[in-house]
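As structure tokens, the structure follows; a few thoughts come after it.
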Amino acid sequence: MITIIEGLPEGVLGADATGEITADDYRQVLVPAIEKALSGGGKLRMVYRLGPDYQGMQGDAMWQDAKLGASHLKSFDRVAVVTDVDWIAHAIKAFSWMIPGEAKVYPNAEYDDAVAWLTN
């Protein structure tokens, strides 16, 4: 499930991923939130937190993720991925050059640092 994080600084969109992520989570929650955040123009700063309850993504969710990235290639200024899942952290670091804008990975214990980086 993806839920939008409330109470973040202006200009920062946050999403929490828990359990198993589905394509509907992207279509019904994340895509509309990103579209709304981008409706005023400008670039997006986003924190994407995969907490301890995160169990992975269904194949169709991975496809939605790829489509989302492709359709908003130049829309992101900074993305902070917050996770303790080692393989995800390593993959983000290894492929950050493919992510539009800047991308950083933080462990869950440093969530506040991730949000601070997005606002600087």
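The values are calculated or read from the model by the stated rules, or taken from the named source; none is laboratory data. Quick caveat, the model's predicted, so the values are computed rather than measured. Here Cβ is always computed from backbone atoms with ideal geometry, including for glycine, and neighbour counts include all displayed protein chains.
Are there any strands (runs of 3 or more DSSP E) wholly within the range 1-96 with 2 or more residues that are in contact (Cβ under 8 Å) with a residue 24 or more places away in the chain and loosely packed, with under 15 Cβ neighbours inside 10 Å, and if so which? Once the strands (runs of 3 or more DSSP E) in the range 1-96 are filtered for at least 2 residues that are in contact (Cβ under 8 Å) with a residue 24 or more places away in the chain and loosely packed, with under 15 Cβ neighbours inside 10 Å, what remains is 12-21, 44-57. Exactly one residue among VAL82, VAL105 is touching a Pro at 6+ places or on another chain (Cβ under 9 Å) and not basic (Lys, Arg), and that residue is VAL82.
In this entry, ALA23 passes the filter for residues that are farther than 23 Å from TYR106 by Cα and not hydroxyl-bearing (Ser, Thr, Tyr). Considering the range 100-109, and only residues there that are surrounded by fewer than 15 Cβ atoms within 10 Å (Cβ to Cβ) and closer than 25 Å to GLY19 by Cβ, the residue that is farthest from the chain's Cα centre (by Cα) turns out to be ALA109.
Residues in the range 97-118 that are at pLDDT 95 or above and either on the phi > 0 side of the Ramachandran plot or part of a helix (DSSP H, G or I) (or both): 11 in all.
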